[in-house]
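Below is one structure, written out as structure tokens; comments come after it.
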Ligand code: HEC
């Protein structure tokens with residue numbers, strides 16, 4: 001085996017094992033930050049709603065069987081008013097939620113049974129106002145195109161930027177065939193596009209919601225493999241006395 005200096009002079013030693021400590025420090029800092037970011041993203045999904053197909057369908061496709069107000073009156077807001085009052089509100093929605101009936105019949109119920117929270121807690125919609133409650137009586141068609149376009153491009157730019165550096169660091173790894181390495185580096189980008197396409201498809205048809213989960217799971221898995229391999233080759237392998245004169249970029 002040629003020694004390190006000779007390899008350097010030949011310009012053929014570039015791999016994760018033989019990088020200088022400052023470069024390893026740079027790569028490691030980045031890997032730790034991204035790794036923690038990925039875990040936080042996973043934790044957020046678990047804590048807020050778990051990975052459920054229903055939630056994904058709800059976010060992108062909406063709930064086209066009825067309005068949000070009606071869904072809440074049959075759900076978490078069911079016991080705020082009497083069954084009879086709930087029925088009055090639901091009938092009002094079914095009849096087109098007109099302003100006349102609102103003023104005469106519905107507004108008094110909302111004032112008596114809902115306003116303590118909905119007119120006073122800033123994070124809740126103030127349903128004592130006709131314009132506000134009217135919006136909640138409309139069928140929920142899911143995310144609108146403007147919002148979806150915005151989150152799509154922010155997501156693609158942001159995530160692609162992360163994957164670029166994850167793949168860049170991993171490109172210095174040794175011991176993978178060219179094709180396997182290329183596949184691992186390309187996989188997150190492919191899943192990113194699957195993920196975002198799935199948002200758009202789910203908006204049209206709830207049957208595509210599973211694609212959103214597969215997309216997110218796929219790029220997390222490929223990133224995890226690359227991040228942990230990179231750490232292993234930078235620190236554990238040299239620590240165990242392994243060295244390499246492979247040029248991971250040109251061999
Ligand atoms: C004790 C406080 C309280 C009362 C009283 C109350 N709500 Fe709510 N409401 C909440 C909270 C908290 C949420 C958010 C959590 C949720 O969606 O279950 C909410 C959410 C809602 C939402 C969904 C709003 C959105 O944009 O997501 C609707 C619709 C709603 N309430 C309708 C009503 C109606 C109608 C009444 C009266 C019959 C009522 N609420 C009474 C506390 C209250």
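What follows is calculated from the coordinates using simple rules that are stated; it is not laboratory data. As the structure is a prediction and not an experimental result, all values here were calculated from the model. Using ideal geometry, Cβ is built from the backbone for each residue, glycine included, and neighbour counts are taken over all protein chains shown.
Comparing 59, 152, 20 in a Gaussian network model of the chain where C-alpha atoms under 10 Å apart are linked, the largest mean-square fluctuation is found at 20. On the beta carbon distance between residue 200 and residue 46, with R0 = 22 Å, the FRET formula returns roughly 0.30.
With neighbour counts taken as other beta-carbon atoms within 10 Å, the residues 191, 217, 208, 161 rank, fewest first, as 161, 217, 208, 191. In plain terms, the chain from residue 179 to residue 145 could stretch by 8.4 nm, reckoned as 0.36 nm per residue minus the Cα-Cα distance. For the residues 209, 112, 222, a GNM of the chain with alpha-carbon springs under 10 Å puts the largest fluctuation on 112. In a Gaussian network model over the chain where Cα atoms closer than 10 Å are linked, find which of 90, 169, 56 has the largest mean-square fluctuation. Judging by the Gaussian network model, the answer is 90. Computed from the Cβ-Cβ distance with R0 of 51 Å, the FRET efficiency linking residue 83 to residue 39 stands at 0.65.
Translational diffusion coefficient of the range 33-119 (Stokes-Einstein, Kirkwood radius from Cα pairs, 20 °C, 1.002 mPa s): 137 µm²/s. Kirkwood radius and radius of gyration were both taken over the C-alpha atoms of the range 68-136, and their ratio Rg/Rh is 0.91.
By count of other Cβ within 10 Å, fewest leading, how are 153, 118 ordered?
Working: 153 11, 118 20.
Fewest-to-most ranking of 153, 118: 153, 118.
Of interest is the spacing of the C-alpha centroids, which for the range 121-137 and the range 162-239 amounts to 42 Å. Between residue 116 and residue 64, the modelled labels are 3.9 nm apart [label points 7 Å from Cα along Cα→Cβ]. Note on residue 54 and residue 242: the extension gain reaches 62.7 nm, defined as 0.36 nm multiplied by sequence separation minus the Cα-Cα distance. If the segment from residue 235 to residue 72 were pulled out straight at 0.36 nm per residue, it would be longer than the present Cα-Cα gap by 53.3 nm. Taking only the alpha carbons of the range 109-251, we obtain Rg and Dmax values of 24.0, 78 Å in that order.
Computed from the Cβ-Cβ distance with R0 of 41 Å, the FRET efficiency linking residue 124 to residue 186 stands at 0.35. From largest to smallest, the equivalent ellipsoid semi-axes obtained for the chain from the alpha-carbon gyration tensor read 57, 17, 13 Å.
Among 132, 212, which comes first, second and so on when ranked by fewest other beta-carbon atoms within 10 Å? Could the numbers behind the result be given before it?
Values: 132 12, 212 24.
Ascending Cβ contact count within 10 Å gives the list 132, 212.
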